[in-house]
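Asks: The structure is given below, and queries will be raised subsequently.
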Amino acid sequence: MTPKDLREWMTVMGFKSQAKAAEALGVSAETFGNWLAGKRRDGKPAPIDKRTALACAALYHRQTEWGAVSSRAH
């Protein structure tokens, strides 16, 4: 996942602020901002890991947390 992909996800999901998108992913607003910039404040890369990309996909598809009650048949 690239910073451009993350921005697109944020738009598609309807998040009006980075803080709301960060909250949905369970990360700090600073971390989310670093991902969007592609680097941390110290200039080192801030890659978007696979877990975050999968979390974005799960939120997009309205998945519940593992073990949470779901209307889906097992």
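The values are calculated or read from the model by the stated rules, or taken from the named source; none is laboratory data. Remember, it's a predicted structure, so these values are computed and weren't measured experimentally. Counting neighbours? That spans all protein chains shown, and the Cβs are built from the backbone with ideal geometry, glycine included.
Asks: Those residues that are at pLDDT 95 or above and either more than 24 Å from Glu65 (Cβ to Cβ) or in contact with a Gly (Cβ under 9 Å, 6 or more places away or on another chain) (or both), I need them from segment 31-41; list them, please.
Replies: Filtering segment 31-41 down to residues at pLDDT 95 or above leaves 31-39.
The answer is Gly33, Asn34, Leu36, Ala37, Gly38, Lys39.
Asks: Restricting to segment 5-29, and then to whatever is surrounded by 14 or more Cβ atoms within 10 Å (Cβ to Cβ) and basic (Lys, Arg), can you tell me which residue is nearest to Leu59 (Cα to Cα)?
Replies: Checked segment 5-29; the qualifying residue nearest to Leu59 (Cα to Cα) is Lys20.
Asks: Just to be sure, is Ala19 among the aliphatic types (A, V, I, L, M) and modelled with pLDDT of 95 or more? I'd like the intermediate steps shown before the answer.
Replies: Details: among the aliphatic types (A, V, I, L, M): yes; modelled with pLDDT of 95 or more: yes.
Considered against the rule, which asks whether it is among the aliphatic types (A, V, I, L, M) and modelled with pLDDT of 95 or more, Ala19 comes out as yes.
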